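The values are calculated or read from the model by the stated rules, or taken from the named source; none is laboratory data. Just so it is clear, the model here is predicted, and its values are computed rather than measured. We place every Cβ from the backbone using ideal geometry, glycine too, and count neighbours over all the protein chains shown.
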Amino acid sequence: MRKTNSVLVMDKKILALIIIMFLCNLVLLFFGYRLLSNHITSGTEIFADQQKMAKDLVEYNRRLAKTLGVDTRAQVHEALSRFNYEIELATNAEELNKVILNYASRTQEKVLEEYEAKQRETVLMLINQDPNLKDLAGKQRLTVRLGREEGVRVEPDGLVTEDTITAIADTIALGNLVQDLVVEIEVENGRGQLLVPVSLADQIRSLNKEIDALRVTVHDLRTQAGFAEMTGPGIYVRIYDAKNGYTNDAIIHETDVRDVVNELFAAGARGVDVGGQRLTATSAIRCVGPSILVNDERIAVNPVVIRAIGDPEVLASGLDIIRITLEISRRLTVEIEPAENLTLPAYIPRR
């Protein structure tokens, strides 16, 4: 009987081990399928998913604004609309990332700023209902401090009634979004007005926001000018000498490369590199003997490889005329290949 029980226990252990291994295999298969699906998903579908995620951020901020009761405020409505509008304007992943970087945190900050402004207005309303205010002579400045641990304090002491302090404590909920609140009020002729907070912390916060915005702008300008990497969809252009060609008309010249580059920029290319050399406003493409120099660097020829970032279909169609001209009149070969994602290097000046 004992032997039978031990066998049963062993069988149960083996069965449990098999079940665990089966579940592990299912999990591995699931993640393998997800990984494979991600690899074969087209660039258009990936971009659509990224757009959906960006719009989810807009919706999150909209729900947050509604929860805090500031969704009807003009500043919040404008920030949400602007965020959504910029998402619609984005045409590729790089542009969409910039939109999220620029507007996601900015929109949430605007929601929280308006919530804080609403809290200040509520405090002012309760202070103005205090019966002691009508007895104050001249101008009087008071400070209302709200903190999680300290509660509500009004300075100077005794300026308002305890009932007003209790009403403020019962009405204003700091929660997790606002750590503390300081409201500066100036009272004159029995009526209070909010004073704009200009504390050192507020000034630093404002300057940091401006610095962040400037950093984004500088990076964007550097990218467009060619001094920072650029990523996005685009095309490869490969130009070959004529087959078995050795005459002047049968080989690639710097003028051919310049013509192709000019057509690409005319078709809306946001960035171009030739033979691995990123083009800037001061770049030169010239011949020195049998070599072609770009940015004074020798590049590989036959083929000359040109990469451009922009709408692949528009860029390719923009090269139709020059491609036909080179192929028919010069017997050169021009290959154009679309790419879902390219990364152009930054221009590095020669030392």
Response to the item:
Over the range 54-72, the set of residues surrounded by 18 or more Cβ atoms within 10 Å (Cβ to Cβ), part of a loop (DSSP other than H, G, I, E, B) and charged (D, E, K, R) is none
Item to complete: Among residues belonging to the range 101-141 that are part of a strand (DSSP E or B) and modelled with pLDDT under 85, point out the one that is surrounded by the most Cβ atoms within 10 Å (Cβ to Cβ).
Response: 140
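Looking at the structure I just gave you, is residue 88 in a helix (DSSP H, G or I), at pLDDT 85 or above and under 25 Å from residue 171 (Cα atoms)?
Numbers: in a helix (DSSP H, G or I): yes; at pLDDT 85 or above: yes; under 25 Å from residue 171 (Cα atoms): no.
No.
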Worksheet item: Where in the range 291-351 are there strands (runs of 3 or more DSSP E), lying wholly inside it, with at least 1 residues that are assigned by TED's automatic domain parsing to the domain that holds residue 271 and of a type in the set (D, E, K, R)?
Response: 304-309, 333-344
Worksheet entry | Residue list for the range 217-241, filter: surrounded by fewer than 18 Cβ atoms within 10 Å (Cβ to Cβ) and in contact with a helix residue (DSSP H, G or I) (Cβ under 6 Å, 6 or more places away or on another chain) | 231
Item to complete: Report whether or not residue 94 is under 30 Å from residue 45 (Cβ atoms), at pLDDT 85 or above and in a helix (DSSP H, G or I).
Response: no
Worksheet item: So is residue 282 more than 21 Å from residue 91 (Cβ to Cβ) and out of contact with any strand residue (DSSP E or B) (no Cβ under 9 Å at 6 or more places or on another chain) or not?
Response: yes
Worksheet, complete the sentence: Within the range 220-229, restricting to residues that are in a helix (DSSP H, G or I) and touching a Lys or Arg at 6+ places or on another chain (Cβ under 9 Å), the one that is farthest from residue 349 (Cα to Cα) is 220
Practice prompt. Report yes if residue 60 is at pLDDT 85 or above and not basic (Lys, Arg), otherwise no.
Written response: yes
Practice prompt. Kindly indicate which of 205, 215 is closer than 30 Å to residue 101 by Cα, under 32 Å from the mean Cα position of the chain (by Cα), at pLDDT 80 or above and not β-branched (Val, Ile, Thr).
Written response: 215
Discussion item. Going by what's in this entry, would residue 293 be described as more than 19 Å from residue 346 (Cα to Cα) and surrounded by 14 or more Cβ atoms within 10 Å (Cβ to Cβ)?
Written reply: no
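Look through 249, 273, 259 and report the one residue that is within 18 Å of residue 332 (Cα to Cα) and either outside the structural domain of residue 318 (by TED's automatic domain parsing) or surrounded by 13 or more Cβ atoms within 10 Å (Cβ to Cβ) (or both).
259
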